[in-house]
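All remarks here apply to the structure that follows.
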Amino acid sequence: QVQLVESGGGSVQPGGSLRLSCAASGSRRSIAAMGWYRQAPGKERELVARIGSGDSTEYVDSVKGRFTISRDNAKNTVYLQMNSLKSEDTAVYYCKVEWRFYPSSWGQGTQVTVSS
């Protein structure tokens, strides 16, 4: 059984920073890509950042220059460094792991709140 453990969420003021972590465990599967998605109240879930094979990355335009995604392959862990946070970044953030040859796994989500 695959388990995704998310951490790092919380409440910060605008301009602050948070670092999210997501560790995948419980399988011998190879990871093709890992990513972070978010969903704000009343809005659709959107891709925030994704890191794939060869460490290629992609970001939604609204976070470019502020967020950085990275991964530690030995630990099966993906990180999202979030700087210069804005109120519109407030959402539940979900980790997604895309396995080779298996369906993707989703984390349970972690709340990020940016407010004064």
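The values are calculated or read from the model by the stated rules, or taken from the named source; none is laboratory data. None of these values were measured; they are calculated from a predicted model. Glycine gets a Cβ as well: all are built from the backbone with ideal geometry, and neighbour counts include every protein chain shown. The protein model used for the area step is the full one, side chains on, heavy atoms only, and it has no ligands, DNA or RNA in it. Shrake-Rupley method; radii C 1.70, N 1.55, O 1.52, S 1.80 Å.
General observations
- Selection within the range 42-57 - surrounded by 10 or more Cβ atoms within 10 Å (Cβ to Cβ) and either at pLDDT below 95 or farther than 17 Å from Asp89 by Cα (or both): Ile51, Gly52, Ser53, Asp55, Thr57
- The set of residues in the range 16-41 being of a type outside the set (Ser, Thr, Tyr), open to solvent by 50 Å² or more (accessible area, probe 1.4 Å) and modelled with pLDDT of 95 or more consists of Arg19, Gln39.
- Tally of residues being open to solvent by 40 Å² or more (accessible area, probe 1.4 Å) and in contact (Cβ under 8 Å) with a residue 24 or more places away in the chain across the range 64-76: 4
Residues checked against (1) in contact (Cβ under 8 Å) with a residue 24 or more places away in the chain; (2) of a type in the set (Lys, Arg); (3) under 23 Å from Val2 (Cα atoms):
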{"position": "Glu58", "(1), (2), (3)": "no, no, no"}
{"position": "Tyr79", "(1), (2), (3)": "yes, no, yes"}
{"position": "Lys96", "(1), (2), (3)": "yes, yes, yes"}
{"position": "Ser116", "(1), (2), (3)": "yes, no, no"}
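- Residue count for the range 104-116, restricted to those that are in contact with an Asp or Glu (Cβ under 9 Å, 6 or more places away or on another chain) and either closer than 14 Å to Met34 by Cα or outside any strand (DSSP E or B) (or both): 5
- Of the residues making up the range 1-15, those that are over 13 Å from Gln108 (Cβ atoms) and at pLDDT 95 or above are Gly8, Gly10, Ser11, Val12, Gln13, Pro14, Gly15.
- Of all residues in the range 63-76 being touching a strand residue (DSSP E or B) at 6+ places or on another chain (Cβ under 7 Å) and either part of a strand (DSSP E or B) or modelled with pLDDT under 95 (or both), the one that is farthest from Ala40 (Cα to Cα): Lys75
- Checklist (1) free of Cβ contacts under 8 Å to residues at least 12 places away in the same chain; (2) touching a Phe, Trp or Tyr at 6+ places or on another chain (Cβ under 8 Å) applied to Arg29, failing item: (1)
- Apart from one condition, Tyr79 fits all of (1) open to solvent by 50 Å² or more (accessible area, probe 1.4 Å); (2) part of a strand (DSSP E or B); (3) under 30 Å from Arg28 (Cβ atoms); the exception is (1).
- If you go through the range 83-103 and keep only what is surrounded by 16 or more Cβ atoms within 10 Å (Cβ to Cβ), out of contact with any helix residue (DSSP H, G or I) (no Cβ under 8 Å at 6 or more places or on another chain) and not in a loop (DSSP other than H, G, I, E, B), you end up with Ala91, Val92, Tyr93, Tyr94, Cys95, Lys96, Val97, Glu98, Trp99.
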